[in-house]
Amino acid sequence: MSEHSTRRHFLRTGTAGTVAVLSAGGIGAAGIQSQSDGPNSPKEQPEIRDEYDGFFRFKPTRGNDPESPFYLGKTVPGFRTAAAGPAPFIANDLEKLPWEMKQGAKEFHLICEPVEREFLPGYWMNVYGFNGSMPGPTIEVTQGDRIRIVVHNELPEETSVHWHGFEMPVQFDGADTMTQNPIKPGKSFVYEFDVHEEGTFYYHSHVAMQETFGMVGWFIVHPKKVWDPPVDRDFGMIFQNFRIDPMQTVSDSWNMDWNWHTTNGRRRPMATPLVCKHGERVRVRILDFSPVQHHPIHLHGHTFWITGHEGARIPKSAWIPRNTELIAVAQATDFEFIANNPGDWMFHCHMTHHMMNHMVRHVGPRMRTDESVDVYRENLERRPRAINAAHGPGYGVPGYPQKMQGMTMTHEAMERFWSRREVQGMRATVMMSLMGLMTSLRVLPDDLYDRVMETDEQIPKGAIFEEIVRRFGAGAA
Ligand SMILES: [Cu+2]
C-alpha cells in the first residue's frame, strides 16, 4: 500500500479523529495559508485531510463560505507534497523531447520535418511537425534553467521557431525575417537563453501556414518553488483543427473551415482520456492552437478554478471558479480542481459544431448507438435510411469519402480504442460519445484506479462505470 493510500485510508476511516487532532494542534485554515511562506519545506507541508470548511475531498460539495480559502476546493492541497517537486507534466499521446547537459545548458535538438500522423486508426494526415510528431514533443524544464535548442530544418521550405511567451534576447525570438533570417532547408539554427519564467508555454513555427499545418509543441516550465497548493496530476491538451478533404490526407492549411478536431494530434476517441484518483488535486492545461476557432471548454461534474493562463500564474485573489471557460486562439488556460466526484466525465468544447467531426452530412450518418458500423450495415434494410448513406458507387471506393464508413467504428478501430488501459470498464457506447473536441476525465476510487491502470485485466465494458454508480449513485451521505 502506497504512502498515499495509507494516508487516504486513515483519512477515510478516521475522519473525526483527524479533525480533532488538527483542531487540537491549532492547524486549521491559518496553518494551510502559512505554507505559502515556504511550501518547499517539508515541515510546512499542509495537513492532508478530507474536510476543509465544509468542502469535502471525497464528495461533491461547495464549502460553507465563499470567503473561505477552501471554498469549492480552491486551495485544498492534493496528496503530493511540495517537497516532492512539481508533478510531472502529462501530455497523453505525445513524447517528451530528451536533452543533454552541455556547456552549462540543457541542450535539445528539434527537427522540423514533414510528419504522417495517425489521428484515428487507419486515418493518416500529412502535415508538418517536429521529430516525427505532430504536435511536436514536449519540452519540459525548470525555471532558472539555461537552455539551448538546436533547430534543424528538414522541411522542403524555410522556417523559424518562436518560443511563445518567453522573454529572451531578441535574436532568439524566432520571428521569421524580423529577428533572424529564415532557416534554409537542410540548415540549423541555435537558440540559447535563460528561462527566468515559469508556466504554460509552447513553441511553434513562425510561418503562419506552417502553424496551421501542425507546427506546435508544449514548452512547460515548472516553477522553482512548487505552486501552492501542489497538484497530484498535471495534464496538458493541445487543441487543433484541420481541413482534410475527401480523398486527401494532406491538410489544407489555407482553408478557414475545418472538418477534424484533434487533441494532442489524435482525434477522439483515439485521444487518450485523462485518468486520476478520487480526491486528487488535478491541473489540466489546455492550449487552443486552432487557426481561427475559439473554444468554450466545459467540465462535467466538477467546478474548477482558473489558476493561470499562458502569460503567468494568476494570484489566488483573482482565481475564478467556472464550469465553462473560453479559450481563444493561441491562449492557454490552467484548470484546477479537486476530483471529488467519481465517474467518467465529459470535458469538452461547448460549441455544438465543435462536438462533431468531419461534418459532411451527405455521406452518411455520423452517430449511431451500435458499437460497430459493420452491424449497422448488415441491417440497413431495417434501419432508417440516412441520405445517401452507404449507397452509391463512391462508397465502395477506398479513400472516398475520406473513409467515412471506417470513421464510424470498424471492429479493427474499436479493438484499437479498447486496447488501452485508460478506457477499461467505460460504457460500451462511450466511443460514440467522444467526437470533435470532446475528451473525457475519469475519476476513479483507488481500488478501481489500480484495476484500470495497474493490471492487465480486460475489464468488461461498463463494469467500472456500474460499480461507481453502485457505490456513489445515491449521492454522498
Ligand atoms: Cu470549440
Amide H neighbours of HIS164 under 5 Å, at least 5 residues apart or on other chains, H built in the peptide plane: list them. TYR202, TYR203, HIS204
Spelling it out for ASP234: with amide H atoms placed in the peptide plane at 1.01 Å from N, the residues 5 or more places away or on another chain with amide H under 5 Å from its amide H are ILE90, ARG283
Principal axis box of region 192-278, alpha-carbon based, largest edge first, Å: 50, 40, 17
Interchain or sequence-distant (5+) residues whose placed amide H lies within less than 5 Å of the amide H of VAL250 are ASN126
In whole angstrom, the spacing between the Cα centers of region 57-113 and region 154-209 equals 25 Å
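If packing is taken as the average count of other Cβ atoms within 10 Å, what order do 209-217, 177-185 fall into, highest mean first? If you can, show how the numbers build up before the last one.
Details: 209-217: 24.2, 177-185: 14.1.
By packing density, highest mean first, the sequence is 209-217, 177-185.
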Tell me the label-point distance for the pair ARG421, GLU67, using the 7 Å Cα-to-Cβ offset, in nm and rounded to one decimal. 4.7 nm
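The numbers here are math on the coordinates, done by the rules we state, and not lab data. Just so we're clear, the structure is a prediction, and the values are computed from it rather than from any experiment. Cβ sites come from the backbone with ideal geometry, for glycine too, and all protein chains shown count toward neighbours.
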